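Take a look at the structure set out below.
The values are calculated or read from the model by the stated rules, or taken from the named source; none is laboratory data. Since the model is a prediction, treat every value here as computed from it, not as a measurement. Counting neighbours? That spans all protein chains shown, and the Cβs are built from the backbone with ideal geometry, glycine included. Accessible surface areas use protein heavy atoms only, side chains included; no ligands, DNA or RNA. Shrake-Rupley method; radii C 1.70, N 1.55, O 1.52, S 1.80 Å.
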Amino acid sequence: MKILATSDLHGNLKDLNFENIDIVIFAGDFAELKGGGKWHWNDQKKWIMKKLMPIIENNPQTQFCIVPGNHDMVMDKQMTNLYPDINFEIEWAKNAHILIDKMVEINGLKIYGTPWIPIINFRWAFESDSKKLKEKFNLIPKGLDILITHTPPHISNDCMIDRSIQWGGYEAFGSNELADAIFEKEPKYAFCGHIHSGTHECVNFNKTKIYNVARVDERYEIAYEPTIIEI
């Protein structure tokens, strides 16, 4: 199985090629977002329907595993429920699997996705305190082939996967709770994003290979190629 993993597109779909790819992984912040108001969120829904959905539908041989990120406001019902006057529901293509604390099995591969991140400023989707992060990440099952999260784990002070290299790399932004869950649950592969310029090299952690697959840098310009692996 050939797998392409990417995240943090922020609406930039330029030069993405899904030909001969069996599974595409979006690890959050895939959609365009131009502002924080409800009409911007509705525009995000329109972007998904008009820009992303045709790509998914035009690649019916490929399965798309999508985990939302903190910028994907329209995907967080806790946020959209604040505005019952607008229908934010999205009817996804059959080959799109929205993984919000959910598992899907594709050709024998067990894939689980969870979108939750540590709190930034209480304005973003899927922000959670430590207690809720533990609850959500405890739901991750054992025996996974692939784990998809938006936040990276915080593994150690020496690991740069959750630190912005462009900002000097001094502050860790990852989740200790996720690191604990990965250590315990031992998925074979884990894909994350969120911290755009965190190290993009494979990080071996216990029995898991972890990849930061963010596509853009801190200036929201394309800086990294998607990660392609074969399982």
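Residues whose amide H comes within less than 5 Å of that of ILE106, counting only those at least five positions distant or on another chain, are ILE111 (H built at 1.01 Å from N in the peptide plane).
Using heavy atoms of the protein chains and a probe of 1.4 Å, the accessible area assigned to GLU135 is about 100 Å². Here CYS192 sits with roughly 0 square angstrom of accessible surface, probe radius 1.4 Å. Counting charges near ILE228 (Lys, Arg +1; Asp, Glu -1) among other residues having Cβ under 14 Å from its Cβ returns a value of -2. Here the stretch 122-142 is scanned for amide nitrogen atoms under 20 Å from the site 7 Å beyond the Cα of GLU89 along Cα-to-Cβ, giving none.
Dipole orientation for the stretch 29-146: of the candidates GLY108, SER128, ILE56, SER128 has the Cα lying most toward the positive pole (charges on Cβ; Lys, Arg +1; Asp, Glu -1). Start at zero, step by 10 Å, and the Cα-Cα distances of the stretch 128-172 spread as 22, 42, 31, 5 percent across the bins. Taken over the alpha carbons of the stretch 110-231 as equal point scatterers, the Debye sum produces base-10 log I(q)/I(0) values at 0.12 Å⁻¹ of -0.40.
The share of alpha-carbon pairs in the stretch 1-132 lying farther apart than 18 Å comes to 54%.
Between rounded, prolate and oblate, where does the stretch 71-166 land on the alpha carbon gyration tensor, with a ≥ b ≥ c its root eigenvalues, rounded for a/c under 1.5, else prolate if a/b exceeds b/c? Taking the square roots of the gyration eigenvalues as a ≥ b ≥ c, the stretch 71-166 is oblate. In a Debye calculation with equal point scatterers on the alpha-carbon sites of the stretch 19-74 and no solvent, what is log10 I(q)/I(0) at q = 0.30 Å⁻¹? Values, matching the q order: -1.20. The residues packed around ILE48, meaning those with a beta-carbon under 14 Å from its beta-carbon, carry a net charge of -3 if Lys and Arg are +1 and Asp and Glu are -1. Taking the 1.4 Å solvent-accessible surface of the stretch 25-122 as the whole, the part contributed by carbon and sulfur is 50%. Taking every DSSP beta bridge that has both ends in the chain, the antiparallel portion is near 35%. The loop-placed chymotrypsin sites (Phe, Trp or Tyr not before Pro) in the stretch 159-202, going by DSSP, that have at most 16 neighbouring Cβ atoms within 10 Å of their Cβ come out as TYR170. Based on alpha-carbon centroids, what's the gap between the stretch 124-202 and the stretch 1-45 in Å, whole number please? Spelled out, the Cα-based centre of one part sits 19 Å from the other. A DSSP coil position with no more than 14 other Cβ atoms inside 10 Å describes the following GluC sites (Glu not before Pro) in the stretch 68-115: GLU89, GLU91. Rounded to the nearest 20, the size of the Cβ-charge dipole of the stretch 97-177 about its Cα centre is 180 debye, with Lys and Arg at +1 and Asp and Glu at -1.
Note on the stretch 1-40: the alpha carbon radius of gyration divided by the globular reference 2.2 N^0.38 Å gives 1.43. For LYS131, the lysines whose Cα falls under 30 Å of its own Cα, not counting residues fewer than eight places away in the same chain, are LYS38, LYS77, LYS102, LYS110, LYS142, LYS185, LYS188, LYS207, LYS209. Under 11 Å from the Cβ of SER164, count the other residues' Cβ atoms, weight Lys and Arg +1, Asp and Glu -1, and hand me the total. My count for the surroundings of SER164 gives -3.
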